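Single-structure report; data block below.
The values are calculated or read from the model by the stated rules, or taken from the named source; none is laboratory data. All values derive from a computational prediction rather than experimental measurement. Glycine gets a Cβ as well: all are built from the backbone with ideal geometry, and neighbour counts include every protein chain shown. Ligands, DNA and RNA are excluded from the accessible area calculation, which covers all protein heavy atoms including side chains. Shrake-Rupley method; radii C 1.70, N 1.55, O 1.52, S 1.80 Å.
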Amino acid sequence: AVWPWTTLPLYYLVALMALVVLLRPPYRLIRRYCPAFAGFTESYIGTRGNSYPRRPNFLVFASVLQIFLSQLAVVLFAYGAVMQLEDYSTTLSRTEFTIGMYFVFHKLIMCMKGEFHLMEVFDSGIIIDMLTVPQLLTGARNGWLTLSYLRSYRALTTLEMLQERNERGDIHFLSDSSEITHVVLNLVLRFLALIAVYAGTVFIVEILGELPFIEENLVQTGMGDISLFTVIYWTFETVTTVGYGDFAPKTVLSRAVTITCMMTGFIFAGIETAKVAEMLAVQHDGTGSYKFDPNRKHIVILGGAVQHLDISLLKAFFAELYHPAYQQRWPNAVIMVCTVEKVREVTNFIKTYVGGEAKGYIKVFQGSCLMQQDLR
């Protein structure tokens, strides 16, 4: 089988970039000379300087519809895979085309929010869009063998974005629902994405067969027909204690090595898990240390606003400090508080109220500026 999807994603990316470049001049002219349009974008879509519109219901609806249509695209992929449709019906083809066009429309809305700057094209979902949207738009010519199942992960990331902004108070998304509703909804989409992505990928890869440049030379042994990659695959099975049983050592020496592999994997997993847990505990309790970055300035934040968690003051401060217009000059922020409980309070505040990209620039530590060892 020939591996498809080598050129369509690039065509889609180039076409999208060209469209954004072409739309930027008329967009800026209309905003300048049409106050009604400028007011509409500021109220319902947002701008590069103010990414949170005053009335975000339109963006919320557009994102929820994107989640629904993404899952519908997965369902259509599953239907085509089960039926193995070579020739799509007119209705099915038009449905996929309509879904693909909406994804393009949603992407342009997000680009409009960024005032059609070219870099707005390269958001976190561009790879999945490149791999799925062109296939949806040309579904009738490509049959059912597509990567549309990846839209399940795209739906998950959109939901997480909505929930994050809802927690910060920027939008109202299921605001009247309990916290357990949000947790269950997130869990359901995570589970669907996990099943869809792995099942779809294995299914597609098995159907397409080996890559043309990969040649696996098998050796006949008591363990079966194996190669180096086969043994690596079996070692992962053994170390992770999965053990499918599709391969098993037959000689005494290989069984002895297998016993060592099992014990080593068990011990390694325990030690490394403990290290990760310790690292997370240090980060959670603020007992680590700041790693100086010579290429980026940093500031130290102290005082009553963080010790007593003045939410309104800190929200305004971080909104100004990490304004999107000055992203290239964002500094690292080091917050020092007195107790572990304050570390957790400030950390929860950052998770809730600080924008996604800015969170990575803020570190919270337990300590005092009056203690020399805490300033090292």
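For the stretch 95-207, give the magnitude of the charge dipole about the Cα centre (Cβ charges: +1 Lys/Arg, -1 Asp/Glu; no others), in debye to the nearest 20.
The dipole magnitude comes to about 300 debye.
Could you tell me which of Ala358, Pro53, Met119 has its Cα farthest along the dipole of the chain towards the positive end, charges placed at Cβ (Lys, Arg +1; Asp, Glu -1), taken about the Cα centre?
Farthest along the dipole direction, towards plus: Pro53.
Give me the extension gain from Phe191 to Ile214: residue separation times 0.36 nm, minus the current Cα-Cα distance, reported in nm with one decimal.
That pair, Phe191 and Ile214, stretches by 5.0 nm at full extension.
Placing +1 at every Lys and Arg Cβ and -1 at every Asp and Glu Cβ, with all other atoms neutral, what dipole size does the chain have around its Cα centre, in debye to the nearest 20?
1340
Return the subset of Lys107/Lys363; Lys291/Lys359; Lys297/Lys363 for which the Cα-Cα distance in this structure is over 21 Å, preserving the input order.
Beyond 21 Å between Cα atoms: Lys107/Lys363.
Grab the Cα-Cα distance for Glu278 and Val14, subtract it from 0.36 nm times how many residues apart they are, and report the gain in nm with one decimal.
The span from Glu278 to Val14 would gain 90.5 nm if fully extended.
Please report the accessible area of Lys315 (heavy atoms, 1.4 Å probe, ligands and nucleic acids excluded) in Å², nearest 10.
90
Arg28 to Asn57: FRET efficiency via 1/(1 + (r/R0)^6), r the Cβ-Cβ distance, R0 41 Å, to the nearest 0.05?
0.95
If you roll a 1.4 Å probe over the chain with all protein chains in place, what percent of the accessible area is carbon or sulfur?
The value for the chain is 65 percent carbon and sulfur by accessible area.
Give me the accessible area per residue for the chain, probe 1.4 Å, as a whole number in Å².
Result: 61 Å² per residue.
Taking all protein chains together and a probe of 1.4 Å, list Thr158, Thr221, Thr90 from the most accessible to the least accessible.
Output order, biggest surface exposure first: Thr90, Thr221, Thr158.
Could you pull out which residues in the stretch 204-228 have an amide N less than 19 Å from a spot 7 Å beyond the Cα of Gln84, following the Cα-Cβ vector?
204-210
Which of [x] 2.78; [y] 1.24; [z] 1.01 is the computed Cα Rg over 2.2 N^0.38 Å for the structure on display?
[y]
Is any helix in the chain, taking whole DSSP H runs, at least 27 angstrom long along its axis by alpha carbon and on average at least 0.0 on the Kyte-Doolittle scale, and which ones?
TM-like helix candidates: 8-33, 57-83, 90-113, 179-208, 252-285.
Tell me what the chain gives for mean residue ellipticity at 222 nm when only DSSP H runs of n ≥ 4 count, each as -39,500 (n - 2.57), the sum divided by the residue total, rounded to 500 deg cm²/dmol.
Dividing the helical sum by the residues of the chain leaves -20000 deg cm²/dmol.
Work out the FRET efficiency for Cys261 and Val183 from their Cβ-Cβ distance, taking R0 = 30 Å, and round it to the nearest 0.05.
0.20
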